[in-house]
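**Student:** Sending over a structure as structure tokens; questions will come in a sec.
The values are calculated or read from the model by the stated rules, or taken from the named source; none is laboratory data. Remember, it's a predicted structure, so these values are computed and weren't measured experimentally. Here the Cβ positions follow ideal geometry from the backbone for every residue, glycine too, while neighbour counts run over all protein chains shown.
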Amino acid sequence: MAGRRFRPAGPAEGQGLLRRKDLLLFFLLPFLGAVILILLMSALNRAYVRGSMDALVTEQLGAAAGILKAGVGRSLEEGTPPSRALDIYSAEGEIYYMALLDADRKVLAWTSLFEGYLPLSAQDVPAGGAWVIDSPAGRIFNHFGPFSTRDGRTYYLYLGYSLKAFEEMSSRSRRNALLVFAIIAAAGLVVFRGLSILQSGYVNKAREAEESQAEKERFQEISGFTSGVAHEIKNPLNSLSLLFGLLEKRVAPDLREDVALGKNEVRRISLIVDRFSDVLKPLLVRPETFPVGEAVESVLASLASEFPDVRDRIRFEGDGRTAIRADRELISMVLANLLRNALEAGTTGEIVVRADRDRKRVRLSVRDTGPGIPPERLGRIFEPFFSTKAGGMGIGLYLALRIVEAHGGKIEVRSREGEGTEFIIRVPGG
Amino acid sequence: MGLLVRKEKMKGQLSAAALLLLFALPAWAGQAEHFYNVDAEVRIEGTVREVSLELRYKDRAPFVVLALEETGTGQKFQIEVGPSWFFGEDLHAGEKAAIIGSLVRTDGDTKYVIAREVRFRGETLVARDRRGFPEWRGGGSAQRGRRRGKGF
């Protein structure tokens, strides 16, 4: 299938790209910047929250350790053995392990939720007596600090407090941050995509308008120039035609045939000039509502003088009463051009003209079973002065295209070599 | 002869042992020094002389304990490995083994060690992490002894 391919020179190709670049510059980059800023702020915020949480945990658990120390100290003062004193506060729940050490930091008793797990190392204990370690059971807050009983004995209490609950809070906060980020990113991408589509549509429409304007201006320029040329040619042609007419009457009989030939050639030149003038004239559309069948019938009648068997070769399908809103003369000209092409295409098969209602439009088609148009030529057939026929001027299809477009319609062609060609026109319905 | 510690083979014995040992924790079992002390890690290579099951922790399954004789010195060690279900291997008296673990105490001419890694037959059984956290309490790998690399 081929639609209209011919386009006059339009604006530079890079213009659209430049606009896309602008879009990237003014929308995508700020969006990415905002996303990066959000991520950065989120990371900083989480770092701050984590730092604050660690400080809070250190403080709170330090206080809890103080209470434990007081309790254990009391038990020890009462003469309770260290293992019994610890058993009262045995490791359970959030406290993973506890140990009681003497003044020489020798473990006197310990208790742990995990068999033999008491990760107390001299290398780990910092000056502040509080640190966090990672374990398969999650992060563990460690506290190591001295306390004294009333009788002056010094002990150390070591305990490990599970930070699982805090980790879960932190994890939930991270998940929520990621979710918010994902939503913002998705929304941003949707907005950006929408803007991109709008911008693309705008650029295409603007380019089409510019191309159309340029085409119009170029056409007016050519039209003015060729009208002048046609006018200048027609005057001497008229004189020549009159001269040949006089000569025809006065010349010797053996030369009359040559003079008649000359007269015909002059008439042919005049006809060509007229057709060029027709093509280059601005189209003035006078729309009216009429049945398609009437236009087809008038075209068949006009073609009958050129092709006497036209009614045997052309068949009309569809409802002839289908109303069309168009310029009767111009649409008839289009149909005549298409049918003339089909009749001259060298087909012996039937040519079918069909009219169908297609929602608010009328679909008119002309299908022949001729040799078809080679694919490499198919894209150019609507160009002016391009013809696939020997002796063709390449005006008929160009004129058909102009007329259809002047009606706000579309024309397309489907062709397959050896099988035939179909032209489809869509114009407003009545 | 080595003691088979594969779970299915040991099932009957374990039940009986658990019953017998339920109220028979060793006298030192609750002793203060019996924890994995990361500051007291040792490496030992020797020959397994005996494999047994012992109750080491209150309300816990019996642990596989290896009686090991160190190569060269002849020093005797009692190596606490882990619960029998986690160990899940046949180990026989007379086999060579290399241990990385924490020396927890010395009783007479025997030293007591809690194993972190046991290498035997070219494989390494990881029983605890570097801080002594039991692998059998640590999620996915807790189902069975995690092994890595080649030993010896």
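**Student:** For the structure I just gave you, tell me whether B:Glu45 is part of a strand (DSSP E or B), at the interface with chain A (Cβ under 10 Å from one of its Cβ atoms) and either of a type in the set (Gly, Ala, Ser) or in contact (Cβ under 8 Å) with a residue 12 or more places away in the chain (or both).
**Tutor:** Criteria not met by B:Glu45.
**Student:** Taking A:Glu383 as meeting all but one of (1) in contact (Cβ under 8 Å) with a residue 12 or more places away in the chain; (2) closer than 15 Å to A:Ser415 by Cα, write down the number of the exception.
**Tutor:** (2)
**Student:** Any residue in region B:48-65 that is surrounded by fewer than 16 Cβ atoms within 10 Å (Cβ to Cβ), touching a strand residue (DSSP E or B) at 6+ places or on another chain (Cβ under 6 Å), modelled with pLDDT under 90 and over 29 Å from A:Thr111 (Cα atoms)?
**Tutor:** No, region B:48-65 contains no residue that is surrounded by fewer than 16 Cβ atoms within 10 Å (Cβ to Cβ), touching a strand residue (DSSP E or B) at 6+ places or on another chain (Cβ under 6 Å), modelled with pLDDT under 90 and over 29 Å from A:Thr111 (Cα atoms).
**Student:** In this structure, does A:Ile373 turn out to be among the aliphatic types (A, V, I, L, M), in contact with a helix residue (DSSP H, G or I) (Cβ under 8 Å, 6 or more places away or on another chain) and buried (at least 16 other Cβ atoms within 10 Å of the Cβ)?
**Tutor:** No.
**Student:** Would you pick out the residues in region A:62-86 that are charged (D, E, K, R) and surrounded by 15 or more Cβ atoms within 10 Å (Cβ to Cβ)?
**Tutor:** A:Lys69
Let's see how each residue does on (1) of a type in the set (Ser, Thr, Tyr); (2) closer than 30 Å to A:Glu77 by Cβ:
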| position | (1), (2) |
| --- | --- |
| A:Leu118 | no, yes |
| A:Gln123 | no, no |
| A:Trp131 | no, yes |
| A:Phe141 | no, yes |
| A:Pro146 | no, yes |
| A:Tyr161 | yes, yes |
| A:Glu167 | no, no |
| A:Ser173 | yes, no |
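**Student:** Under 8 Å between Cβ atoms, at least 6 apart or on separate chains: pull out the pairs that start in region A:119-133 with a residue that is within 8 Å of chain B (Cβ to nearest Cβ) and closer than 10 Å to B:Asp39 by Cβ and end on any residue that is among the aromatic types (Phe, Trp, Tyr) and not in a loop (DSSP other than H, G, I, E, B).
**Tutor:** A:Leu120/A:Phe144; A:Leu120/A:Tyr158
**Student:** Oh, and also: Taking A:Glu417 as the residue in question, decide whether it is of a type in the set (Asp, Glu) and closer than 20 Å to A:Asp358 by Cβ.
**Tutor:** Taking the combined requirement at face value, the residue does not satisfy it.
**Student:** Further question: Which strands (runs of 3 or more DSSP E) does region A:109-218 wholly contain that include 2 or more residues that are among the β-branched types (Val, Ile, Thr) and surrounded by 12 or more Cβ atoms within 10 Å (Cβ to Cβ)?
**Tutor:** The qualifying strands (runs of 3 or more DSSP E) are A:130-135.
**Student:** Could you list, in sequence order, the residues of region B:66-105 that are in a loop (DSSP other than H, G, I, E, B), out of contact with any helix residue (DSSP H, G or I) (no Cβ under 8 Å at 6 or more places or on another chain) and more than 21 Å from B:His34 (Cβ to Cβ)?
**Tutor:** Correct list: B:Thr71, B:Gly72, B:Thr73, B:Gly74, B:Glu89, B:Leu91, B:His92, B:Ala93, B:Gly94, B:Glu95.
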